[in-house]
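Novice: Have a look at this one before I ask anything.
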């Protein structure tokens, strides 16, 4: 807590009063600035929120639904074209890769991991 010094002359008292009045005016102006910003924010944000809700969200929903419909309708054609195209090598390659992946998954079975760990290592 600070103690104020006694004011000896009227000039010092007037200066002190002017200083306090200036601080009060500055505080009042700052309050008016904050109120103006809040008012502008309240005037701008709700219309933007309404715009986003009424315009943007339905457009996003329509685009998503149209994209899903396009994927559902074009996927069978693209799969048949990709798998049957050319000399049929794709189906053989797919079958080979599926067999290889199945074998790799079977090798991850716990009993095979334990059996592999118990096998003696071979020195090259």
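Novice: Of the candidates 34, 113, 50, which one comes out as most mobile in a Gaussian network treatment of the chain with C-alpha springs shorter than 10 Å?
Specialist: 113
Novice: Going by alpha carbons, how many degrees (0 to 90, nearest 10) lie between the helix axis of 89-107 and the longest principal axis of the chain?
Specialist: Helix 89-107 sits at roughly 80 degrees to that axis.
Novice: Which residue fluctuates most in the GNM of the chain (Cα springs below 10 Å): 109, 49, 63?
Specialist: 109
Novice: Hey, another quick one. Using alpha carbon coordinates only, what is the Rg to Rh ratio of the stretch 43-108, with Rh defined as the Kirkwood radius? Each step should come with its number before you reach the end.
Specialist: Working: Rg = 22.8 Å, Rh = 16.2 Å.
Ratio of gyration radius to Kirkwood radius for the stretch 43-108: 1.41.
Novice: Follow-up question, since we're still on this one. Quote the Stokes-Einstein diffusion coefficient, in whole µm² s⁻¹, for the chain, based on the Kirkwood radius over alpha carbon pairs, a temperature of 20 °C and a viscosity of 1.002 mPa s.
Specialist: 86
Novice: Treating the angle as unsigned and between 0 and 90°, give the value, to the nearest 10°, between the Cα long axis of helix 57-84 and the longest Cα principal axis of the chain.
Specialist: On a 0 to 90 degree scale, this one is about 20.
Computed from the coordinates by the stated procedures, all read-outs in this text should not be read as laboratory data. Everything numeric in this text was worked out from a predicted model, so none of it was measured.
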